[in-house]
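Below is one structure, written out as structure tokens; comments come after it.
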Amino acid sequence: MNDGIIQTPIQQDWKLVRLDDVIVKERLRAHDEDHVNRIRRSFQELGGQLQLQPIVLDERMILIDGAHRLEAASREGWEFISALIWTGVTEEDRPILEAEANIVRKDFSPVELERIWKEHYEPAARQRARANQMNLGVRAGETPIHGNTVDRGPAIVTVARETIGRDIDWLNKVTDVRALAESKTAPQELKAAAERGIEKLSKPGAKVDPVHKELLKLKEAFNKKGQAPTERRAEALEKTLDKQVTESTLLAEKYSGELGSDLVEAAGVVPAGGESVRAIRVALTHALAGAIAVECRASQDATAALGTVGQEVFELLNMLTVKQLGLGA
């Protein structure tokens, strides 16, 4: 008895076929230009129109596997290409066979694997489970079916691991990210974060857990506050902090350098120059007080922080001023 997903008997034969005779239908994935170019370089290095792997076709010359090899051969000007012809392939079999070929080579991204599971392997697993129930009853260790769904039990877990090569939880995490990215009702901030996650997961070898965890954090923050956390706002605030640190540092350097010398000279020659310098000092004192207040408010206990920060400011101000006046001795 054949317990595999492919139930139809398939025969295979290896032959040379004309590129123009190959029919390419909608594929599970788009062309990767880098991959096509790598295959072209392989063809050129091997010479003699040699292939390390044939393309795979059904008896109607419809492509099952090898789109990148076919494209590379076409760009190299080949007339014929080596092909494995599978006879007996159904329309339902084709996407599964294509997926198997890519899974074996580990070419699929997490997003592609999740879509293949949802569209092909999981429905096939459900159909087989229903057939088992109808013909044999629920066997020990299998997952019973309720209504139109299959519970996440041992049978589905086993099928996912044996076909896709991933745990069902891994696949469901990708599903969570994709569902949020495609949601029509999710808050825009969460949807945008999920879309960025999908972009990351669209690359072969991408890590699923970090993307999923980050999205969970954002959802938890949204649930706690009752509103979506604004990532753009957070990025803008971070830039503001960096800018203020830079500008404050540069201002301190200016007053201890050429700007300070110019102001000393100006105070001696400009009418009411001394009052202007005093006005500068008062303005900077207000700015310093504002910075101290910001630092205190950012702490858990503003009153306690004021004592600590105030003492630090007093000691640092005294030390730096004495140093700049050359009175350290």
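The values are calculated or read from the model by the stated rules, or taken from the named source; none is laboratory data. Note that the coordinates shown come from a computational prediction; the quantities given were computed from them, not determined experimentally. For neighbour counting, all protein chains shown are included, and Cβ atoms are generated from backbone atoms with ideal geometry for every residue, glycine included.
For first residues located in the range 34-49 and within 18 Å of LEU19 (Cβ to Cβ), partners that are at pLDDT 75 or above and exposed (fewer than 15 other Cβ atoms within 10 Å of the Cβ) and lie 6+ apart or on another chain with Cβ distances below 7 Å form the pairs ARG40/ARG75; ARG40/GLU76; PHE43/GLU76. Take the conditions (1) farther than 20 Å from THR249 by Cα; (2) over 45 Å from the mean Cα position of the chain (by Cα); (3) assigned to a helix (DSSP H, G or I); PRO271 misses just one of them, which is (3).
Yes/no per residue for (1) in contact with a helix residue (DSSP H, G or I) (Cβ under 8 Å, 6 or more places away or on another chain); (2) at pLDDT 90 or above:
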site	(1), (2)
LEU218	yes, no
PHE222	yes, no
GLU235	no, no
GLU247	no, no
GLU258	no, no
GLY273	yes, no
ARG278	no, yes
HIS286	no, yes
VAL309	yes, no
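Just for the range 162-188: of the residues that are of a type outside the set (D, E, K, R) and not in a helix (DSSP H, G or I), which one is surrounded by the fewest Cβ atoms within 10 Å (Cβ to Cβ)? Here the residue is THR185. For the range 288-307, a residue qualifies if it is among the aliphatic types (A, V, I, L, M) and either more than 18 Å from THR249 (Cβ to Cβ) or touching a helix residue (DSSP H, G or I) at 6+ places or on another chain (Cβ under 9 Å) (or both), and the qualifying residues are LEU288, ALA289, ALA291, ILE292, ALA293, ALA298, ALA302, ALA304, ALA305, LEU306.
Residues LYS203, LYS191: which one is at pLDDT 80 or above, exposed (fewer than 14 other Cβ atoms within 10 Å of the Cβ) and among the basic types (Lys, Arg)? Just a single option satisfies the conditions, and that option is LYS203.
Residue count for the range 63-80, restricted to those that are among the β-branched types (Val, Ile, Thr) and farther than 15 Å from GLN12 by Cβ: 0. Every condition in (1) at pLDDT 85 or above; (2) part of a strand (DSSP E or B) holds for TRP78 except the one numbered (2). Taking into account only those residues within the range 81-102 that are among the β-branched types (Val, Ile, Thr) and surrounded by 15 or more Cβ atoms within 10 Å (Cβ to Cβ), which is modelled with the highest pLDDT? Checking each candidate, the answer is ILE81. Residues in the range 290-328 that are surrounded by 12 or more Cβ atoms within 10 Å (Cβ to Cβ), polar (S, T, N, Q) and in a helix (DSSP H, G or I): THR308, GLN324. Just so you know, in the range 61-75 the residues that are at pLDDT 90 or above and touching a strand residue (DSSP E or B) at 6+ places or on another chain (Cβ under 8 Å) include one that is farthest from ALA206 (Cα to Cα), and it is ALA73.
Residues in the range 1-60 that are modelled with pLDDT under 75 and among the charged types (D, E, K, R) were compared, and the one that is surrounded by the most Cβ atoms within 10 Å (Cβ to Cβ) is ARG29.
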